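Worksheet: one structure, shown below.
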């Protein structure tokens, strides 16, 4: 799962570059969803990115982000603008059902990206064995 934060007005190309840098060779096809702050959910480039790759975009409220732990240092910009310590890491973890971060925050050209692994369902091993 990707967590993405961005400055207002970033381009699709900026988001694509940041995501590819964060994935570091892992195929984008392995990503199943994107999470972001509800205040960023209508950013045109973010919506274009999700549409272009067939990824659902999940938007999370500030209080949900505030409750999710960060791996990286808190962001002064996110704190000043939205009252949260970070966007991409908490959103990645929320989209992954509280799964662990696989890659912490990468900031590139106005875009932040983090990657979390989907939290396995408790009965997944049982279902896989059948």
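Taking the criterion of being at pLDDT below 90 and under 18 Å from residue 35 (Cα atoms), would at least one residue in segment 102-113 satisfy it?
no
Please specify each residue of segment 31-44 satisfying the condition of being farther than 14 Å from residue 95 by Cβ and either surrounded by fewer than 16 Cβ atoms within 10 Å (Cβ to Cβ) or out of contact with any strand residue (DSSP E or B) (no Cβ under 7 Å at 6 or more places or on another chain) (or both).
39, 42, 44
Do we have any residue at all in segment 86-94 that's crowded, with 21+ Cβ neighbours inside 10 Å, part of a loop (DSSP other than H, G, I, E, B) and modelled with pLDDT under 90? Break it down into steps so the answer makes sense when it comes.
Within segment 86-94, the subset crowded, with 21+ Cβ neighbours inside 10 Å is 86-94.
When the remaining residues are screened for being part of a loop (DSSP other than H, G, I, E, B), the result is 86-87.
Still in the list and also modelled with pLDDT under 90: none.
No, because not a single residue in segment 86-94 is crowded, with 21+ Cβ neighbours inside 10 Å, part of a loop (DSSP other than H, G, I, E, B) and modelled with pLDDT under 90.
Has segment 15-23 got at least one residue that is over 15 Å from residue 112 (Cα atoms) and either assigned to a strand (DSSP E or B) or free of Cβ contacts under 8 Å to residues at least 40 places away in the same chain (or both)?
Within segment 15-23, not a single residue is over 15 Å from residue 112 (Cα atoms) and either assigned to a strand (DSSP E or B) or free of Cβ contacts under 8 Å to residues at least 40 places away in the same chain (or both).
The values are calculated or read from the model by the stated rules, or taken from the named source; none is laboratory data. Only a predicted model underlies this, so the values are computations on that prediction, with no experimental measurement involved. Cβ: placed from backbone, ideal geometry, glycine included. Neighbour counts: every protein chain shown.
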